[in-house]
Amino acid sequence: MGTADCGAFDGGCLTVARALQSVIGGDIVVLVRPDDTADHAAVLKDDKLWDYDGPLKPARFLERFNRTEMIGVPWRAHGFRPIREGDLPNAFVDEALIERLARLFASSLPDELQVEVGQLAPAPR
């Protein structure tokens, strides 16, 4: 039984980012189009952007995202900024799925990348 009709790159990016943030810390950010419209959520941690595909320095992350996720659209993500209320209004968010993903990430990421539970500020909604 599934909980979402989307994946990590077609509507579930905020769920993935929140789960990652709960394990590694950092700040949730969004990749933006030239008009500042948010397109994708990620976590900024130690000068790297993280999503389900893994961490990269911002320029490489944007390059990868545009190459793999923005095929056939007339714009490209050109930067990132902190997430704001109203960004990604159609993103799928499921608290139970966030918790399950966080457990999976915690079991697969090295301990030195993980933060202590309770050290994080509340995630944006």
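A few notes on this one:
- Here is the figure for the range 34-57: residues that are of a type in the set (D, E), open to solvent by 60 Å² or more (accessible area, probe 1.4 Å) and under 21 Å from L101 (Cα atoms) total 1.
- Among the residues making up the range 96-110, those that are more than 17 Å from G25 (Cβ to Cβ) and open to solvent by less than 80 Å² (accessible area, probe 1.4 Å) are A96, L97.
- Matching residues, the range 58-77, being out of contact with any Lys or Arg (no Cβ under 8 Å at 6 or more places or on another chain), open to solvent by 40 Å² or more (accessible area, probe 1.4 Å) and among the charged types (D, E, K, R): R60, E63, R67, E69
- Filtering the range 79-95 to residues that are closer than 17 Å to V43 by Cα and surrounded by 13 or more Cβ atoms within 10 Å (Cβ to Cβ) leaves G79, F80, R81, I83, D87, L88, A91, F92, V93.
The values are calculated or read from the model by the stated rules, or taken from the named source; none is laboratory data. Remember, it's a predicted structure, so these values are computed and weren't measured experimentally. Here Cβ is always computed from backbone atoms with ideal geometry, including for glycine, and neighbour counts include all displayed protein chains. Keep in mind that these areas ignore ligands, DNA and RNA; they rest on the heavy atoms of the full protein, side chains included. Shrake-Rupley method; radii C 1.70, N 1.55, O 1.52, S 1.80 Å.
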